[in-house]
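Participant: I am attaching a structure below and will ask some questions about it afterwards.
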Amino acid sequence: MDLSDHTAMPGSSSPAASLVGRFLVAAPSMPDERFRKSVVFVCKHDGDGALGIIVNNSVDDLPLGQVYKQLGIDVPSAEADRPVRFGGPVETSRGLVLHSADYKRDETLLIDGGMALTASLEILKDMAGGSGPRRAWLALGHSGWAPGQLDREMQDNAWLVVDGDAELVFDGDLAAKWQRALDRLGGKGSPGGRFDLASFSHQTGRA
């Protein structure tokens, strides 16, 4: 797993239509099986493309303690069983830590809404030693789009956009996140404020 300092995040200059700090929620008609029912937190979106982290999927049979052991880091027993998240199908051996913005290193990418993304071994050492961010989890891989690719997928109604929320990012109930994110689009007139899947054909792909 690659968590070396040379994996510093790219710059965060953003266009007016940037989706940084928001969720991409896979539409019920999502054609890509890899993203079916996924919720992606957008960390970067500019003229060079987009990068996000799936927040409702985990890596099977890979607890955080096993990663720390592979890296030669002592980890508190209370942290050892925490799951490692599956951030997306791009560079699946690369480790990225999505965390609260109270922690910052030179290579940290600050994100709208009090969030941040860091790719370095040092953040894991700090997390294990109790001096890391207040809230954080490790993801392997990320979700990436080439310039213009995400815009095309939006036009094809593959994604719905929902405002970002740290509580939803760090909530441990992964199975419920997709529906909870969709429910934010429910609006008035929907039973219990829930998103009406039957009416999706009328959605534009934007919140």
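Participant: Condition first: surrounded by fewer than 19 Cβ atoms within 10 Å (Cβ to Cβ) and assigned to a loop (DSSP other than H, G, I, E, B). Now tell me which residues in region 102-113 satisfy that.
Facilitator: Our first condition is that a residue be surrounded by fewer than 19 Cβ atoms within 10 Å (Cβ to Cβ); within region 102-113, this holds for 102, 104-107, 110, 112-113.
Of everything in region 102-113, those that are surrounded by fewer than 19 Cβ atoms within 10 Å (Cβ to Cβ) and assigned to a loop (DSSP other than H, G, I, E, B) turn out to be Asp102, Lys104, Arg105, Asp106, Glu107, Asp112, Gly113.
Participant: Could you list, in sequence order, the residues of region 142-158 that are closer than 16 Å to Val39 by Cβ and among the acidic types (Asp, Glu)?
Facilitator: Correct list: Glu153 only.
Participant: For region 166-189, does any single residue satisfy the condition of being modelled with pLDDT of 60 or more and β-branched (Val, Ile, Thr)? Write out each step before concluding.
Facilitator: Going through region 166-189, the residues modelled with pLDDT of 60 or more turn out to be 166-186.
Those still in the list that are β-branched (Val, Ile, Thr) too: 169.
Within region 166-189, one or more residues are modelled with pLDDT of 60 or more and β-branched (Val, Ile, Thr).
Participant: Among the residues of region 155-173, how many are in contact with a helix residue (DSSP H, G or I) (Cβ under 9 Å, 6 or more places away or on another chain), part of a strand (DSSP E or B) and not aromatic (Phe, Trp, Tyr)?
Facilitator: 3
Participant: When you scan region 30-73, how many residues do you find that are touching a Lys or Arg at 6+ places or on another chain (Cβ under 8 Å) and assigned to a loop (DSSP other than H, G, I, E, B)?
Facilitator: The qualifying residues number 5.
Participant: Let me ask another. I'd like the residue in region 114-161 that is among the polar types (S, T, N, Q) and surrounded by fewer than 22 Cβ atoms within 10 Å (Cβ to Cβ) and, out of all such residues, is nearest to Gly72 (Cα to Cα). Explain how you work it out, then say what you get.
Facilitator: Pass one, region 114-161, residues among the polar types (S, T, N, Q): 118, 120, 131, 143, 149, 155, 157.
Those left that are additionally surrounded by fewer than 22 Cβ atoms within 10 Å (Cβ to Cβ): 131, 149, 155, 157.
Working: Ser131: 18, Gln149: 39, Gln155: 46, Asn157: 44 Å.
Looking at residues that are among the polar types (S, T, N, Q) and surrounded by fewer than 22 Cβ atoms within 10 Å (Cβ to Cβ), I get Ser131.
Participant: Name the single residue, out of those in region 48-80 being small (Gly, Ala, Ser) and under 25 Å from Arg34 (Cβ atoms), that is surrounded by the most Cβ atoms within 10 Å (Cβ to Cβ).
Facilitator: Just the residues of region 48-80 that are small (Gly, Ala, Ser), to begin with: 49-50, 52, 58, 65, 72, 77-78, 80.
Still in the running and under 25 Å from Arg34 (Cβ atoms): 49-50, 52, 58.
Details: Gly49: 15, Ala50: 24, Gly52: 28, Ser58: 18.
Ranking the candidates gives Gly52 first.
Participant: Still on this model: For Leu117, indicate whether it is at pLDDT 95 or above and in contact with a helix residue (DSSP H, G or I) (Cβ under 7 Å, 6 or more places away or on another chain). Please lay out each step first, then the result.
Facilitator: Numbers: at pLDDT 95 or above: yes; in contact with a helix residue (DSSP H, G or I) (Cβ under 7 Å, 6 or more places away or on another chain): no.
Judged against the criteria, Leu117 is not a match.
Participant: What are the pairs, 6+ residues apart or on separate chains, where a residue within region 25-37 that is under 15 Å from Lys177 (Cβ atoms) has its Cβ under 6 Å from a residue that is hydroxyl-bearing (Ser, Thr, Tyr) and in a helix (DSSP H, G or I)?
Facilitator: none
Participant: Same structure again: Pull out all pairs, ordered by first then second residue, where Cβ-Cβ is under 6 Å, the residues are six or more apart or on different chains, the first lies in region 75-104 and is in contact (Cβ under 8 Å) with a residue 40 or more places away in the chain, and the second is surrounded by fewer than 21 Cβ atoms within 10 Å (Cβ to Cβ) and of a type in the set (Asp, Glu).
Facilitator: Ser93/Asp2; Arg94/Asp2
The values are calculated or read from the model by the stated rules, or taken from the named source; none is laboratory data. Since the structure is predicted, the reported quantities are computational estimates derived from the model, not experimental observations. Backbone-built Cβ (ideal geometry, glycine too); neighbour counts: all protein chains shown.
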